[in-house]
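Have a look at the structure below, then the notes.
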Amino acid sequence: MSLDPRAQLPAGPRHAGIGAGFIRDCALAGGAEERLANRLALIAEEVLGAAPANAGLVGLTLSDRRHAMRLSVDFTAADLDLAGLDQSRRGDAEDAEEIGLYLAARLADRLTTEPLDRGGLRLGFDVGRAYPPQAAATAPEALGPISGAAVDPDDATLALLVQWAEAAELGGPAFRLAPRVLDQRAQGDLFARVALDARKRPVGGLFWQPFGRRLMELSGPALLLPDGADRAAVAEALLEAALAGLVRKKIQGLVVLEPSPDMPRQGFETVGQLPAADGTTWPVLFRALEEDPGGISWVPPVLADWVTAATRRLALGRDIEEPARPKRATGAAMAAETDRARGRVTLRSLIAAGDAAAVAAGNVALFRDQGFSEIRAILDLGKPDQAAFAEGLVKAGLSPAALIPDAAGDLLLLAAAE
């Protein structure tokens, strides 16, 4: 069912229940399971109830993304006190508004902000669908060798590849739960190429997903063949097919955050090294797909030497400038994406303000105390306000690890592993 219901309601507790009921009914009408509908409704209720008095009319929009539902909350003004969205402020929350925003942030699997026209602000709350565990399906013996070029697979072939890769623990998190992968591809949030043998059985696959503004992140390859020349040929064929599929797609480059041992390295640059909890490191790879036109990097003094050296090493045409402090004095917030199975958390800027350094340090301390062994943060150097978080991240023990080129704003990845 196509889903894009919208409503506008005044901010405040008086209308919070109305907004919650509207979102719940729309989610159920769109086919969401009751758990998901209730979670979205509670987010809407908490945000509406906690919205500042100067927020005016608050817009609610529900979007079905197949593998997730997104609740967008639109404010006509951006100068709002939404600091309660930051998880590290829980101990400081003293009133119902701050607690409500904290709960809304915790209920979302992913939280984002984006500016709107005429000075507005949009909060995006993504809540993923629940997929039941799949029965193990082990790949048969004597697969391969590859026959023909890698293809954009049909659903049945893609599902079979994911099931076999998951059973063999290949490819990483992207190659898990076939129904979710199919929904991601149908939504346009994942693309795939699969290599087949002469009997049309999958022998390997490579995925890519949007990353940043005009980048794609590669995952895999997941190869089902034993070591040998045939295995290397499959990896090369998959990458060649992926590159062909990205021609004239206005994609600036490819990034590989966790390259598998089978990922072909020719044509890629190493743009950094990520530490792991076991003391090892692995390279971050980048491959440009179009010429970099140059741009501006907003870099705070604490990172200037490292970013300047990395920019020169990668031969990027950048004007490196020191940003001004954010206009807002207080109210900074960060969003956190957690992977508890791997002990990893990734922090991103949500709202920048003068207290960003303290908020950044508080987030690192929070997740360190919760036992996360790999702590990362991503700063967009094309957005000057985000630089305010840098000092707190560095003082908390994170170090610059990789610079991912993007002419509209390079992405700086900071990391610490314990």
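The values are calculated or read from the model by the stated rules, or taken from the named source; none is laboratory data. Keep in mind it's a predicted model, so treat the numbers as computed, not measured. Neighbour counts run over all protein chains shown; Cβ positions are idealised from the backbone, glycine included.
Here residue 408 passes the criteria (1) surrounded by fewer than 19 Cβ atoms within 10 Å (Cβ to Cβ); (2) without any contact (Cβ under 8 Å) to a residue 60 or more places away in the chain; (3) in contact with a strand residue (DSSP E or B) (Cβ under 9 Å, 6 or more places away or on another chain) except the one numbered (2). Note on the range 21-77: residues that are among the aromatic types (Phe, Trp, Tyr) and surrounded by fewer than 23 Cβ atoms within 10 Å (Cβ to Cβ) total 1. Of the residues screened, residue 156 is one that is under 28 Å from residue 30 (Cα atoms) and small (Gly, Ala, Ser).
Which is touching a helix residue (DSSP H, G or I) at 6+ places or on another chain (Cβ under 6 Å) and either free of Cβ contacts under 8 Å to residues at least 40 places away in the same chain or surrounded by 15 or more Cβ atoms within 10 Å (Cβ to Cβ) (or both), of 332, 353, 341?
The unique qualifying residue is 332.
Residue count for the range 355-394 under the criterion of being charged (D, E, K, R) and under 13 Å from residue 414 (Cα atoms): the result is 4. Checking each residue in the range 167-178 for being in contact with a helix residue (DSSP H, G or I) (Cβ under 6 Å, 6 or more places away or on another chain), closer than 17 Å to residue 67 by Cβ and crowded, with 19+ Cβ neighbours inside 10 Å picks out 175, 178. Summed over the range 1-25, the residues that are under 25 Å from residue 130 (Cβ atoms) and at pLDDT below 95 give a count of 5. Residue 418 fulfils the conditions (1) in contact with a Ser or Thr (Cβ under 6 Å, 6 or more places away or on another chain); (2) within 26 Å of residue 115 (Cβ to Cβ); (3) not polar (S, T, N, Q) except for a single criterion, (2).
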